[in-house]
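Data first, discussion second: the structure below is written as structure tokens.
The values are calculated or read from the model by the stated rules, or taken from the named source; none is laboratory data. Being a predicted model, the structure only gives us computed values, none of them experimental. Cβ placement follows ideal geometry from the backbone for every residue including glycine, while neighbour counts extend to all protein chains displayed.
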């Protein structure tokens, strides 16, 4: 009996200690939360001087505020109180590390305009994890001691020399005269492929279990041929399908999912890397100065574009990089030049073909741009690119589906309007809050909710004839599919051409019934923060020759 009493007493004492410890911990956590809340409220309300962004209130000092919701429902995460309503930067503390979240449209625009912030860490992670570039090459690209060609002047303060030089070359290739040549080749290639496809389609049409395959087989292929010449795909006929799997697997690579959990993704990456390396070796062995050019700008049938030939010559022959390094680098470029634009064009086609009234209006715009005396697929390109509804469809799809994360590291203390970000800190901004802001994109009655596709957001009536005009929002920072400032996407103009030309040729050539069920037309959030999100499943469709042009 005494033993039983002692056991019960010990048990009760142990529980008392546990209860006391738990109570003390909860009390400390509550007090800590109140203190951080007070500091947060005070910092948020201060006006008129430079200040540090406040830390978001949290309960546990050593754990901080881990944003669990971001990982399973990122869009809802941005609807929470600290991200949907606050219009100033905040700090989120994860364990002992502070990350700066830039909020409020003026602050985001000012942040993206900074030249004292570096995105080298993202570039290195992308090349290492997504493109399987060897570590020695990544170290050279990020080194401040590397020398660039003598004609190059560094544009960005915070970029390592080789990243800065590579960026300037990409900007030159995707802008100006080079972009004009690229657009012309893409248009010609796409026209030829659509004609072949049209001739092969039976009168009753063909069923596609995944409408995306049409874009891989024809649209992506036309773009790759325009950039790289015919050699890449002729030597590697299965490249486009493997490339599609590779592009869709970006989250797998960036999150470093083990190979045994995603064998198809890693096999696709190996296949496309081998193909790019094979094409580059073949082009370098066959091209010489006597090779007839495709145009006066120096493009040729082996490399396709002078851009690839000069990059290979500089990095491999002049600087001593390995051909395998260049395969990774150019695979990364091909991803950046095609993945997001193709996915957005795919979405636009779905939106148009699902809405018969929209399809009819788009066809009227396209027909008004046809060149007299030529077939249906030759357009006045300047006029086509100015059509308001086509532009609105392009812009609205990007608003709704393009969710970018802009992560930078400060190389010195920077001021973002009235806010101070110390040196060597990570700052992050997203396009999502601006893209999903109902105060900008909807009316008082929320007639067209921000999570619904409606191109009318980008249209307004002007003049006595009440004609439609395409218009971007007046509030800067509300539409950022291409970023802004020093690191704005160099391919933004070509992305628009790619989309509008593809849609114009499609509606002139094909009828299409979108058969995908509604659950497959939701967004796949696994790629959130990495660009244009894909549909959550395969979208079935029946494609046929256009029945009537009356």
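Overview of results
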quantity: Hits in segment 192-207 (condition: surrounded by fewer than 18 Cβ atoms within 10 Å (Cβ to Cβ) and either touching a helix residue (DSSP H, G or I) at 6+ places or on another chain (Cβ under 9 Å) or not assigned by TED's automatic domain parsing to the domain that holds residue 494 (or both)); calculated: 192, 193, 195, 196, 197, 198, 206
quantity: Hits in segment 498-523 - residues which are under 30 Å from residue 375 (Cβ atoms), surrounded by fewer than 22 Cβ atoms within 10 Å (Cβ to Cβ) and under 19 Å from the mean Cα position of the chain (by Cα); calculated: none
quantity: Hits in segment 409-435 (condition: buried (at least 20 other Cβ atoms within 10 Å of the Cβ) and closer than 12 Å to residue 108 by Cβ); calculated: 416, 419, 427, 429, 430, 431, 432, 433, 434, 435
quantity: Segment 92-111: number of residues that are over 13 Å from residue 405 (Cα atoms) and in a loop (DSSP other than H, G, I, E, B); calculated: 3
quantity: Which listed residue is within 24 Å of the chain's Cα centre (by Cα) and either free of Cβ contacts under 8 Å to residues at least 40 places away in the same chain or part of a strand (DSSP E or B) (or both), from 407, 352; calculated: 407
quantity: Hey, residue 359 within 25 Å of residue 295 (Cα to Cα), in a helix (DSSP H, G or I), modelled with pLDDT of 95 or more and assigned by TED's automatic domain parsing to the domain that holds residue 193 or not; calculated: no
quantity: Meets criteria (under 20 Å from the mean Cα position of the chain (by Cα) and part of a helix (DSSP H, G or I)) for residue 180; calculated: no
quantity: Checklist (1) touching a helix residue (DSSP H, G or I) at 6+ places or on another chain (Cβ under 9 Å); (2) at pLDDT below 90 applied to residue 545, failing item; calculated: (2)
quantity: Search result, residues across segment 456-481 that are surrounded by 19 or more Cβ atoms within 10 Å (Cβ to Cβ) and within 20 Å of the chain's Cα centre (by Cα); calculated: 477, 478, 479, 480, 481
quantity: Any chance residue 143 is closer than 27 Å to residue 331 by Cβ, in the same structural domain as residue 484 (by TED's automatic domain parsing) and either surrounded by fewer than 18 Cβ atoms within 10 Å (Cβ to Cβ) or without any contact (Cβ under 8 Å) to a residue 40 or more places away in the chain (or both); calculated: yes
quantity: Residue among 374, 423, 383 that is modelled with pLDDT of 95 or more and either assigned to a strand (DSSP E or B) or over 25 Å from the mean Cα position of the chain (by Cα) (or both); calculated: 383
quantity: Subset tally (residues that are part of a loop (DSSP other than H, G, I, E, B) and at pLDDT below 85) for segment 118-156; calculated: 11
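This table checks each residue for (1) outside the structural domain of residue 196 (by TED's automatic domain parsing); (2) touching a residue at least 40 places away in the same chain (Cβ under 8 Å); (3) assigned to a loop (DSSP other than H, G, I, E, B); (4) surrounded by 19 or more Cβ atoms within 10 Å (Cβ to Cβ).
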site	(1), (2), (3), (4)
218	no, no, no, yes
224	no, yes, no, yes
234	no, no, no, no
240	no, no, no, yes
243	no, yes, no, yes
247	no, yes, no, yes
251	no, yes, no, no
266	no, no, no, yes
279	no, yes, no, yes
